[in-house]
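S.K.: Input: one structure, supplied below.
The values are calculated or read from the model by the stated rules, or taken from the named source; none is laboratory data. Note that the structure is a prediction, hence the values are computed from the model and not measured. Neighbour counts are summed over all protein chains in view; Cβ atoms, including those assigned to glycine, are modelled from backbone coordinates with ideal geometry.
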Amino acid sequence: MSVAPKLKEYLDSNEVKYNVLTHEIAYTAQDTAAAAHVSGKELAKSVVVNVDGRFVLAILPAHLKVDLERLKETASAKTLRLAHESEFATLFPGCDRGAMPPFGNLYGIDIFVDESLTRDDEIVFNACTHVDAIRMKFADFARLARPRIGAFASGEH
């Protein structure tokens, strides 16, 4: 497999340095972290959330869960719930289902990043497949994605 053309073109056209990590097939964020030999604290998972009737991506470390109430506050939302996979199956063309990268801006989707990811110099995330991940500087990710930062992950930090 390889990085989805849309994602690769975006990173390359913005002159971002990144490494592609090819690993055994993995379907969960924690399994992806293990397969790619990175910490669950470093691997960013993308969770699709319905906020006031529109979809957004909540990006957080693989080993944590979205605290819906805290994300609701961060997003200044009236209603918020996890999206069902069937609802967002077509939102990420060129990506395997559940392997979307944290660049919601490529798909017209707002991005919220848990502040715990900002503590690391690098970020690792799915590259639109269940066998490829990308490692890049967090600063480059933040510059391109322009996420809203908030504290909405629960579990051990």
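S.K.: Restricting attention to segment 130-157, which residues are in a strand (DSSP E or B), touching a helix residue (DSSP H, G or I) at 6+ places or on another chain (Cβ under 7 Å) and either among the hydrophobic types (A, V, I, L, M, F, W, C) or at pLDDT below 95 (or both)?
M.R.: Correct list: Ala133, Ile149, Ala153.
S.K.: Only one of these is surrounded by 17 or more Cβ atoms within 10 Å (Cβ to Cβ) and either more than 21 Å from Ala139 (Cα to Cα) or not acidic (Asp, Glu) (or both): Asp52, Asp67, Asp114. Name it.
M.R.: Just one listed residue meets the conditions, Asp67.
S.K.: Criterion first (in contact with a Lys or Arg (Cβ under 8 Å, 6 or more places away or on another chain) and at pLDDT below 90) does Ala62 satisfy it?
M.R.: The answer is no for Ala62.
S.K.: A follow-up question, please. State whether one or more residues within segment 101-122 are small (Gly, Ala, Ser) and free of Cβ contacts under 8 Å to residues at least 12 places away in the same chain.
M.R.: yes
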